[in-house]
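Structure, as structure tokens:
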Amino acid sequence: MSAPVPARVPPRVLTVAGSDSGGGAGIQADLKTMLALGVHGMSVITAVTAQNSLGVQGAWELPVQAVRAQYRSVVDDIGVQAVKTGMLASAELVETVAELISGTDAPVVVDPVGVSKHGDPLLAASALDSVRTKLLPAATVATPNLDEVAQLTGVRVESEDDLRRAAAAVLAYGPRWVLIKGGHLSGDALDLLTDGSCEHWLRAPRHDNRHTHGTGCTLASAIASGLAKGLTVPEAVTGAKEYVTGAIAAGFALGAGIGPVDHAWALRATHAG
């Protein structure tokens with residue numbers, strides 16, 4: 001009997017984010033996305049939320065030493081090909097995570113999470129300056145939505161023409177690339193990816209589906225998965241946009257409020273075929 005062929009080790013991606021008990025966003029969405037895209041997902045939990053389809057009922061951040069220990073435990077032994085950050089809750093955690101990722105030789109996708117899909121605050125107002133001065137400069141790609149752009153820069157995007165101005169305002173804080181997510185505008189779902197000199201306009205049809213919980217977490221994790229596989233930033237973002245567009249189209253009702261996107265939509269399509 002021949003020996004089994006050793007399995008190939010997949011690229012490794014680390015998410016540093018909060019937990020969503022409802023399973024639609026946060027750490028849970030990140031790990032589902034990574035599995036669906038063929039990378040090995042690992043996690044550093046920064047906060048625990050009591051959360052469902054109706055909103056966030058409570059949030060408790062973890063101590064800095066617990067976040068630091070999780071990060072070092074994974075990175076020092078297993079190693080990472082990309083890191084994604086999400087909900088960081090407080091200035092102290094933002095600064096700790098910024099320090100950790102700055103010392104890690106891997107691309108970093110920063111999703112500067114400020115509020116939940118339901119409008120619940122997930123970042124202390126006192127932490128905004130730390131995001132601007134410590135976290136964004138460490139980012140390979142920053143992925144703010146329009147509310148987060150306004151929070152961080154004061155720029156309010158009312159039309160497609162404002163996306164370029166928003167991108168310049170975020171790039172001024174130091175990320176190598178920024179993806180301004182225009183999903184809250186009317187019309188097609190239009191995003192702008194730029195490093196200040198090269199622009200990529202990503203347009204997708206808008207699906208009439210209210211079940212979009214976890215969209216931002218899913219997109220950032222998909223980008224990190226692409227970067228871990230060795231794709232360029234434009235390639236990783238383009239692939240992530242296609243993945244999340246399919247996940248939104250397949251989003252499903254859960255509970256009495258806003259349901260999640262379907263992270264397994266491509267796997268289901270494969271099996272159905």
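Given the conditions (1) of a type in the set (A, V, I, L, M, F, W, C); (2) within 24 Å of residue 146 (Cα to Cα); (3) part of a helix (DSSP H, G or I), and given that residue 83 satisfies all but one, which numbered condition is not satisfied?
That leaves (3) as the condition not met.
Report, ordered by the first and then the second residue, all pairs with beta carbons closer than 8 Å, sequence separation of six or more or different chains, a first member in region 19-35 that is among the β-branched types (Val, Ile, Thr), and a second member that is assigned to a helix (DSSP H, G or I).
Qualifying pairs under 8 Å: 33/217; 33/218; 33/221; 33/222; 33/225; 33/243.
Which residues, taken from region 231-261, are free of Cβ contacts under 8 Å to residues at least 40 places away in the same chain and of a type in the set (D, E, K, R)?
235, 242
Search region 102-127 for residues being surrounded by fewer than 17 Cβ atoms within 10 Å (Cβ to Cβ) and part of a helix (DSSP H, G or I), and hand back the single one that is modelled with the highest pLDDT.
Among residues in region 102-127 that are surrounded by fewer than 17 Cβ atoms within 10 Å (Cβ to Cβ) and part of a helix (DSSP H, G or I), the one modelled with the highest pLDDT is 102.
Quick check, is residue 208 under 25 Å from residue 29 (Cβ atoms) and outside any loop (DSSP other than H, G, I, E, B)? Break it down stepwise before answering.
Working: under 25 Å from residue 29 (Cβ atoms): yes; outside any loop (DSSP other than H, G, I, E, B): no.
The answer is no for residue 208.
Could you tell me how many of the residues in region 38-61 are within 29 Å of residue 256 (Cα to Cα), outside any strand (DSSP E or B) and within 20 Å of the chain's Cα centre (by Cα)?
Looking only at that region, the number is 1.
Could you tell me which residue of region 181-211 is surrounded by the fewest Cβ atoms within 10 Å (Cβ to Cβ), considering only residues that are touching a Pro at 6+ places or on another chain (Cβ under 9 Å) and of a type in the set (A, V, I, L, M)?
189
For residues that are in contact with a Ser or Thr (Cβ under 8 Å, 6 or more places away or on another chain) and among the hydroxyl-bearing types (Ser, Thr, Tyr), scanning just region 41-82, find the one that is nearest to residue 255 (Cα to Cα).
The extreme case among them is 49.
When you go through (1) closer than 29 Å to residue 135 by Cα; (2) hydroxyl-bearing (Ser, Thr, Tyr); (3) surrounded by fewer than 24 Cβ atoms within 10 Å (Cβ to Cβ) one by one for residue 225, which number turns out not to apply?
Of everything listed in (1) closer than 29 Å to residue 135 by Cα; (2) hydroxyl-bearing (Ser, Thr, Tyr); (3) surrounded by fewer than 24 Cβ atoms within 10 Å (Cβ to Cβ), residue 225 misses just condition (3).
Among the residues of region 2-17, is any of a type in the set (Gly, Ala, Ser), within 15 Å of residue 89 (Cα to Cα), modelled with pLDDT of 95 or more and touching a helix residue (DSSP H, G or I) at 6+ places or on another chain (Cβ under 8 Å)?
Initially, region 2-17 is screened for residues of a type in the set (Gly, Ala, Ser), giving 2-3, 7, 17.
If we keep only those that are within 15 Å of residue 89 (Cα to Cα) as well, we get 17.
When the remaining residues are screened for being modelled with pLDDT of 95 or more, the result is 17.
If we keep only those that are touching a helix residue (DSSP H, G or I) at 6+ places or on another chain (Cβ under 8 Å) too, we end up with 17.
Yes, region 2-17 has at least one match.
Scan (1) farther than 26 Å from residue 53 by Cα; (2) modelled with pLDDT of 95 or more for the single condition residue 203 breaks and write down its number.
(2) is the only condition that residue 203 fails.
Mind telling me which of the residues 233, 244, 237, 178 ends up being surrounded by fewer than 22 Cβ atoms within 10 Å (Cβ to Cβ), within 15 Å of the chain's Cα centre (by Cα) and modelled with pLDDT of 95 or more? Break it down into steps so the answer makes sense when it comes.
On the way: 244 fails: surrounded by fewer than 22 Cβ atoms within 10 Å (Cβ to Cβ); 237 fails: surrounded by fewer than 22 Cβ atoms within 10 Å (Cβ to Cβ); 178 fails: surrounded by fewer than 22 Cβ atoms within 10 Å (Cβ to Cβ).
Unique residue meeting the criteria: 233.
Anything in region 233-255 that is out of contact with any helix residue (DSSP H, G or I) (no Cβ under 8 Å at 6 or more places or on another chain) and not in a loop (DSSP other than H, G, I, E, B)? List them, or say none.
Within region 233-255, 234, 238, 242, 245 meet the criteria.
Given the conditions (1) modelled with pLDDT of 95 or more; (2) part of a loop (DSSP other than H, G, I, E, B), which single one is not true for residue 185?
Failed condition: (1).
The values are calculated or read from the model by the stated rules, or taken from the named source; none is laboratory data. Quantities reported herein were computed from a predicted structural model and do not represent experimental measurements. Every residue, glycine as well, gets a Cβ built from its backbone with ideal geometry; the counts of neighbours run over all protein chains shown.
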